[in-house]
Amino acid sequence: MALHIAVSLFEIIWYHTSALSSVPVAHGIPTVVSIVTSVSGLILVRNLDGGRAQLTRPVYQVGGLGRLMTMPLAYVTGSSDIYRMSIVPAHAFIYARLLVPLVEPVLKSAADAYAFCMVVVAVLGLIDAGQGTFPAKAFVVVIVLVAYLNAWASRRIDSG
């Protein structure tokens, strides 16, 4: 967990520090850091402690796998737009931590607040990435599909 948090913070600081002097473009260091962040997140989500696993786990899985595809693509193409879209999940991590304490009193459950916030910040982050609403809509559809696949796999494992 400590590695994941440290690498995520490094990634966000690197991106915004780069943005101060020019338009950030993915190159070797951000690409490697993004891959480490994504893989460590996917490893951590196996033993998810916070939220409702049926909803929260797919958000992490889709985000982590999506970043494993978009960041190398940003590196290969040199696209700052794809790089920005790839960094958004790291921002969502911070936004969720800020939003959970505000939502928890309303939902009366830390797990429900966490699950709700993860989906909301992921969708808002994708819209904020400046790619229009299509990626956010596609993300929600993929989350639903992954949640269904997780439930189906869990039933299969439990039954046999």
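Roughly how many debye, to the nearest 20, is the charge dipole of the chain about its Cα centre, given +1 on each Lys and Arg Cβ, -1 on each Asp and Glu Cβ, and no other charges? Working shown, then result.
Numbers: 10 positive and 7 negative charges, 65 e Å.
Computed charge dipole of the chain: roughly 320 debye.
With a/c under 1.5 counting as rounded, go ahead and sort region 58-111 into rounded, prolate or oblate using the C-alpha gyration tensor (a ≥ b ≥ c being the square roots of the eigenvalues; past the cut-off, prolate if a/b is larger than b/c, else oblate). Don't skip to the end; give the middle numbers.
Details: a/c = 5.68, a/b = 2.62, b/c = 2.17.
It comes out prolate by the Cα gyration axes.
Can I get the semi-axes of the chain's equivalent ellipsoid? Compute them from the C-alpha gyration tensor as square roots of 5 times the eigenvalues, in angstrom, largest first. Kindly include the intermediate steps, with their values, before the conclusion.
Numbers: eigenvalues 144, 63, 47 Å².
Sorted largest first and rounded, they come to 27, 18, 15 Å.
What FRET efficiency comes out for the pair residue 148/residue 124, r = Cβ-Cβ distance, R0 = 22 Å, nearest 0.05? Before the final figure, lay out the partial values.
Values: r = 23 Å, r/R0 = 1.06.
After rounding, the FRET efficiency stands at 0.40.
For residue 14 and residue 112, FRET efficiency with R0 = 35 Å and r from the beta-carbon atoms, rounded to 0.05? Spell out each step's value before the answer.
Numbers: r = 33 Å, r/R0 = 0.96.
Efficiency, from the Cβ-Cβ distance: 0.55.
Given only helices, namely DSSP H runs of n ≥ 4 each adding -39500 (n - 2.57), what is the per-residue ellipticity at 222 nm of the chain, to the nearest 500 deg cm²/dmol? Please list the in-between numbers first.
Working: 6 runs with 136 residues, N = 160.
Dividing the helical sum by the residues of the chain leaves -30000 deg cm²/dmol.
In Å, what Kirkwood hydrodynamic radius results for region 22-110 from the alpha-carbon pair distances? Present the calculation step by step, with values, prior to reporting the outcome.
Numbers: mean 1/r = 0.0708 Å⁻¹.
About 14.1 Å for region 22-110.
Give me the percent of the accessible area of the chain that comes from carbon and sulfur atoms, probe 1.4 Å, all protein chains in place. Don't jump to the answer; show the numbers that get you there.
On the way: 6420 of 9010 Å².
For the chain, the apolar C and S fraction of the accessible surface comes to 71 percent.
The values are calculated or read from the model by the stated rules, or taken from the named source; none is laboratory data. The structure presented is a predicted model; accordingly, all values stated were derived computationally and were not measured. Positions of Cβ are generated from backbone atoms using ideal geometry, with glycine treated the same way; all protein chains shown enter the neighbour counts. The protein model used for the area step is the full one, side chains on, heavy atoms only, and it has no ligands, DNA or RNA in it. Shrake-Rupley method; radii C 1.70, N 1.55, O 1.52, S 1.80 Å.
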